[in-house]
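J.: Pasting in a structure now, in structure tokens, and then I'll have a few things to ask.
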Number of protein chains: 2
Amino acid sequence: MKDLGDVLGLKPGSFYGAFESKEGLFLLALDRYAADGAARLAELEVSLEPLEVLIDHLRQVVLATDRPARACMLSKTLLETEGALKARADAHLSEMEARFATLFRKAQSAADIHRAHDPAHLARRYQADLIGLRAMAERPGTDAATLVADSVAGLRALSEPPRADRVAET
Amino acid sequence: MKDLGDVLGLKPGSFYGAFESKEGLFLLALDRYAADGAARLAELEVSLEPLEVLIDHLRQVVLATDRPARACMLSKTLLETEGALKARADAHLSEMEARFATLFRKAQSAADIHRAHDPAHLARRYQADLIGLRAMAERPGTDAATLVADSVAGLRALSEPPRADRVAET
DNA sequence: CACTTGATTGAACGATCGTTCAAGAATAAT
DNA sequence: ATTATTCTTGAACGATCGTTCAATCAAGTG
């Protein structure tokens, strides 16, 4: 609270005048964070093919040296809060997932990804991957670049049809 | 602190007699958590093939209904702490990763996984996947089962050599 | 049985938490 | 110039944080 007040140049009274509560401010920050993420994705879309957007986004988000945090604010909020905050984080993640799905669909249209894959599934996996990678990138001494390269290879491999696996369910 | 004291039946003095500090207790809990995880993995190893151990572990850990938490204590600690706690979480994750690598190596010997894959890479990816999936499983209304099924399919696909991708680096 | 040792107790510490509020200062409308 | 309105201020709230400590109690030892 002290730090927030200092950094915002607001004494308690003003703080509560400007924001309803600490949680209120957090919610605003979370929304902004999500909007920024979406904006970055949109920016990539103007100049890159859909599949390349997904690949570059992955790289950007995990390897960015300019950005402060490796791990994702949305996933951290999801894991560490309850109630309104958690729900909002979840909503933003869903929104992102939808964007990813659209990109996967477009990549299919462009024949960069084989039609036999399910865009919704791909989007979910992509997001889970992203969260996992970003968490791993928080580890000291992690070679994030290699991890990302492997993931990217996985994305590129989607140009071929899914392998017919013996899907023996247990 | 109040809750800890209540649940342990310890007044402040006794608490600090038994544990050096709150962080000390947390460290103990973290070690226990890691040991339990390793024990569960070892238990699977007595009756299953290496690849099946990895698959079952994935299922167990993401889908378990008996266990309280979906997300992993190690990754949460990694993301939300600094210093000694973070370092310890990292160490435990490394240890787990090593176990996974061994299993992947064994699966290669058993010809369940193609020799062309790098066990160290596979272990890293597997762990990142695990963390990502467990985070996703925290989301309300998530179909964790489908997510897991997709991951399992990915593991089974490793019986074939890695796809020769145009690894065009940017 | 006196006696050292170890554990348990409960009060208290200063710090911070998130928040409220009455009083004052600045700004705009009349 | 005066009033109405909004903003800012700083003190204070009760709660909890993580921790310390002197005092009390129990157990085992000689």
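The numbers here are math on the coordinates, done by the rules we state, and not lab data. Bear in mind that the values here come from a model prediction, so they are computed numbers and not experimental data. No Cβ is skipped: glycine too gets one built from the backbone with ideal geometry, and neighbour counts run over all protein chains shown.
J.: Run through every distinct alpha carbon pair of the protein assembly as shown and return the Kirkwood hydrodynamic radius in angstroms, one decimal place.
T.: 21.8 Å is the Kirkwood radius here.
J.: In nanometres, what is the gap between the two model label sites at residue B:43 and residue A:36, each 7 Å from Cα along Cα-to-Cβ?
T.: 4.4 nm
J.: Identify which of B:106, B:22, B:76 has the largest mean-square fluctuation in a Gaussian network model of chain B, with springs joining Cα atoms closer than 10 Å.
T.: Greatest mean-square fluctuation among the candidates belongs to B:22.
J.: Along each principal axis of its Cα atoms, how long is the range B:24-77 end to end? Whole angstroms, biggest number first, please.
T.: Cα spread of the range B:24-77 along its principal axes, largest to smallest: 38, 20, 18 Å.
J.: Label position 7 Å from Cα toward Cβ: report the copy-to-copy distances for residue B:12 in nm, one decimal, ordered from shortest.
T.: Label-point distances to the other copies, shortest first: 2.3 nm.
J.: Now for a separate question. For the range B:15-127, what relative contact order do you get, as a whole percent, if you take Cα pairs closer than 8 Å and at least 6 residues apart?
T.: Relative CO of the range B:15-127 lands at 24 percent.
J.: Determine the shielding of peptide A:143-150 by partner chains: average, over its residues, the number of Cβ atoms on other chains within 10 angstrom of each Cβ.
T.: Mean shielding count: 3.
J.: Here's something else I'd like to know. For the rotation taking chain B to chain A, which residue of B has the Cβ nearest the axis, and how many Å away is it?
T.: B:132, 1
J.: If you don't mind, there's one more thing I want to ask. Measuring from a point 7 Å out along Cα→Cβ, what nm distances, shortest first, does residue B:25 have to its partners in the other copies?
T.: 3.0
J.: Using the Kirkwood radius over Cα pairs, work out the Stokes-Einstein diffusion coefficient for the range A:83-170 at 4 °C and 1.567 mPa s, in µm²/s as a whole number.
T.: 88 µm²/s
J.: I'd like the distance separating the alpha-carbon centroids of the range B:103-143 and the range A:9-73, in whole Å.
T.: If you average the Cα positions of each part, the centres end up 29 Å apart.
J.: Now a separate question. Using only helices, what value at 222 nm comes out for chain A when you add -39,500 (n - 2.57) per DSSP H run of length 4 or more and divide by the total residues, to the nearest 500 deg cm²/dmol?
T.: -23000 deg cm²/dmol
J.: Any idea what % of Cα-Cα pairs in chain A are farther than 26 Å?
T.: Summing the P(r) tail past 26 Å for chain A gives 39 percent.
J.: Explain nothing, just the number: relative contact order of the range B:90-142, from Cα pairs under 8 Å at least 6 residues apart, as a whole percent.
T.: This gives 34 percent for the range B:90-142.
J.: List, in the order given, every pair from A:2/B:2; A:76/B:86; A:22/A:86; A:76/A:106; A:86/B:76 whose Cα-Cα distance in the structure shown is over 21 Å.
T.: Listed pairs above 21 Å: A:2/B:2; A:76/A:106.
J.: What are the semi-axes of the equivalent ellipsoid of the range A:1-92, taken as the square roots of 5 times the eigenvalues of the Cα gyration tensor, listed largest first and rounded to whole Å?
T.: Equivalent-ellipsoid dimensions as semi-axes: 30, 15, 12 Å.
J.: Moving on to the next point. Considering only the label points, 7 Å along Cα→Cβ from Cα, what distances in nm to one decimal separate residue A:143 from the same position in each other copy, shortest first?
T.: 3.7
J.: For peptide A:65-76, compute the average count of partner chain beta-carbon atoms within 10 Å of each residue's beta-carbon.
T.: 2
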